[in-house]
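To start, the structure itself, in structure tokens.
The values are calculated or read from the model by the stated rules, or taken from the named source; none is laboratory data. What you see is a predicted model; the values in this text were computed from it and never measured. A quick note on method: Cβ atoms are made from the backbone with ideal geometry, for glycine too, and the neighbour counts reach across all protein chains shown. Heavy atoms of the whole protein, side chains included, go into the accessibility calculation; ligands, DNA and RNA do not. Shrake-Rupley method; radii C 1.70, N 1.55, O 1.52, S 1.80 Å.
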Amino acid sequence: CSWFGGRPEGYWDARRVRSMVARRIGAEPHHEEGDLGPGGLTLAQQFGRVTAAPATRPLLLTAGAFGVFAWALPPVLGIYLRDRWDLVAPSRGLAYAAIVLAAAPTAPWLARRAEVAFRRSPARLVHMGTRASLAAAVAFTVAALAPVFPVAVAALLAGFAAFYLLFVVAAFGVLVLCEPTLRGHAATLVTVSALAGALIGQQLIATIGDR
């Protein structure tokens, strides 16, 4: 949580307001140490500026973990529904689609709560991600041990919602930590991290399947 300390509340707004006031009164704009406009940086340097905050790299790893989950879970869940609940192929696909679609509406609601938490304190946002990780682990454990199918479905819904929250925390955190002019670069890094996680998840499933 302390890694968020390098970007206090209103950091970028304060810099922008100082520049506006300086231009208004005809003074020389104030430049902080290392303050260069994105136009004077190479593409690699711009991406480097995005990852300069200490908290950015762990958040990108979290986005990668979501990619692993999004790719690796469907085949594992299909095996679980087949072996544990004796669902045939059409029913397995329908059950998986229903669980994903039922959990999807929680993402906007969770995103709003993440924004409110961040406004109160950046540490609250990190704590939300930590609780989401714990909730996902507990939910999938309950789903694996559930004695009846409705309990398993409810646990899977909770697990999916927790993973959605993890991605929301990762994406939101990376975007607010970087300069506003570099948020396109930040969004690209989040997307690439998730896709890299998906590739890793694909390899993990292939390795497990070979054994």
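Take A98 and decide whether it is open to solvent by 50 Å² or more (accessible area, probe 1.4 Å), more than 25 Å from T207 (Cα to Cα) and not in a loop (DSSP other than H, G, I, E, B). Steps first, please.
Details: open to solvent by 50 Å² or more (accessible area, probe 1.4 Å): yes; more than 25 Å from T207 (Cα to Cα): yes; not in a loop (DSSP other than H, G, I, E, B): yes.
Answer is yes for this residue.
Here are R119, R183, R113, R92: which of them is charged (D, E, K, R) and either closer than 21 Å to V76 by Cβ or in contact with a Gly (Cβ under 6 Å, 6 or more places away or on another chain) (or both)? Walk me through it before giving the result.
On the way: R119 fails: either closer than 21 Å to V76 by Cβ or in contact with a Gly (Cβ under 6 Å, 6 or more places away or on another chain) (or both); R183 fails: either closer than 21 Å to V76 by Cβ or in contact with a Gly (Cβ under 6 Å, 6 or more places away or on another chain) (or both); R113 fails: either closer than 21 Å to V76 by Cβ or in contact with a Gly (Cβ under 6 Å, 6 or more places away or on another chain) (or both).
R92 is the lone residue from the list that is charged (D, E, K, R) and either closer than 21 Å to V76 by Cβ or in contact with a Gly (Cβ under 6 Å, 6 or more places away or on another chain) (or both).
Considering only residues that are free of Cβ contacts under 8 Å to residues at least 24 places away in the same chain and part of a helix (DSSP H, G or I), which ones fall in the range 74-89? Don't jump to the end; show me each part of the working.
Kept after step one, since they are free of Cβ contacts under 8 Å to residues at least 24 places away in the same chain, are these residues of the range 74-89: 74, 78-79, 81-83, 86-89.
Those that are free of Cβ contacts under 8 Å to residues at least 24 places away in the same chain and part of a helix (DSSP H, G or I): P74, G78, I79, L81, R82, D83, A89.
Going by what's in this entry, would E179 be described as of a type in the set (D, E, K, R), out of contact with any Lys or Arg (no Cβ under 7 Å at 6 or more places or on another chain) and either loosely packed, with under 15 Cβ neighbours inside 10 Å or in contact (Cβ under 8 Å) with a residue 60 or more places away in the chain (or both)? I'd like the intermediate steps shown before the answer.
Numbers: of a type in the set (D, E, K, R): yes; out of contact with any Lys or Arg (no Cβ under 7 Å at 6 or more places or on another chain): no; either loosely packed, with under 15 Cβ neighbours inside 10 Å or in contact (Cβ under 8 Å) with a residue 60 or more places away in the chain (or both): yes.
Taking the combined requirement at face value, the residue does not satisfy it.
Applying the selection to the range 84-134, what residues are of a type in the set (S, T, N, Q) and more than 15 Å from the chain's Cα centre (by Cα)? So that I can check it myself, show each step before the final result.
First, pick out the residues of the range 84-134 that are of a type in the set (S, T, N, Q): 91, 106, 121, 130, 133.
Once the filter is applied, which keeps residues that are of a type in the set (S, T, N, Q) and more than 15 Å from the chain's Cα centre (by Cα), the range 84-134 yields S91, S121.
Could you please let me know if V138 is among the β-branched types (V, I, T), under 18 Å from the mean Cα position of the chain (by Cα) and assigned to a helix (DSSP H, G or I)?
Working: among the β-branched types (V, I, T): yes; under 18 Å from the mean Cα position of the chain (by Cα): no; assigned to a helix (DSSP H, G or I): yes.
Criteria not met by V138.
Residues being open to solvent by 40 Å² or more (accessible area, probe 1.4 Å) and of a type in the set (A, V, I, L, M): count how many of those fall in the range 182-207.
Final tally of qualifying residues: 9.
Is it true that G64 is more than 17 Å from the chain's Cα centre (by Cα) and either within 30 Å of T207 (Cβ to Cβ) or among the polar types (S, T, N, Q) (or both)? Break it down into steps so the answer makes sense when it comes.
On the way: more than 17 Å from the chain's Cα centre (by Cα): no; either within 30 Å of T207 (Cβ to Cβ) or among the polar types (S, T, N, Q) (or both): yes.
Answer is no for this residue.
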